[in-house]
Structures are given as C-alpha cells and as structure tokens.
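Engineer: Before we start, here is the structure in question, set down as structure tokens.
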Amino acid sequence: MHAQKLEVPKGWNLVPVVVAAMDVSAGAVVAIQLLGQRAIPEQCVTSSVAKPDSASSVVNRKVLVPLEAGDPLRWSQLETTRAAEWLSTRAPKKAWAVTLETKGAASAMRRA
C-alpha cells in the first residue's frame, strides 16, 4: 500500500507557469498587470508554455486569441514579428520573401 501511495504523485510535481490574471480579449497588448502565475502538473508543461523566468518576453506582445483568467500562456497565442524576420534572413540571393497580413500571418518565398 505504501508503494502505491508513492507511485500516485509521479508526474504530478507542480511547476509554475505564466497565466492570464484576468480575461483578456484577442488583440489586447499584454501588460504586466494582465499576467499571473500558477502551478500546474509538470506533465502538462511543454516548451510551448511561458514560464515565469520569461514573463518579460510576453509583455508588450499582442494576444491573438481570447484568454480566460487562469489560462496558461502559450507562445503560439502571442503575436510575433520574428516569423517575418526569420523568413527574410533565410531567403536565398536572387529570391524575394513577403509576409501578408491575413487573419493570422502567412509567408511565401519565390526564387527569381
């Protein structure tokens, strides 16, 4: 019985993550007041979830989807210009790259 009690919490160690401190609408710019911290089971935490040590990287980014208070912040829920920068640095010589604004962002590259 004692061994079974030790097995139950495995994988359920709590890890702190960044969460929405209140409901946030899509398009809102993240301010530090909109952020909170909550501990969730480590088996639910991947590299896609913002952690407290990277909270400053979340601030001043636009939220792409509505968030409810307590929702863990995922990097994919935040707008970034890095995708466009990445494409333009990878375009080979004699090629062009363009990012078009749609409901999200779409990129294309064409060789000359």
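Values in this text are rule-based calculations from the coordinates and carry no lab data. Keep in mind the model is a prediction, meaning the values are calculated, not measured. All Cβ positions, even for glycine, are placed from backbone atoms using ideal geometry, and neighbour counts span all protein chains on display.
Engineer: Using modelled backbone amide H atoms (1.01 Å from N, in-plane), which distant-in-sequence or interchain residues come within less than 5 Å of Arg74's amide H?
Structural biologist: Amide H neighbours of Arg74: Ala50.
Engineer: Roughly what would the spin-label model give for Glu68 and Gln43, points 7 Å off Cα along C-beta, in nm?
Structural biologist: It is 2.3 nm.
Engineer: When ranked by the protection proxy of mean other Cβ atoms within 10 Å per residue, highest first, what sequence do the peptides 22-28, 63-69 form? If you can, show how the numbers build up before the last one.
Structural biologist: Values: 22-28: 13.3, 63-69: 15.6.
Listed from highest to lowest mean packing, they are 63-69, 22-28.
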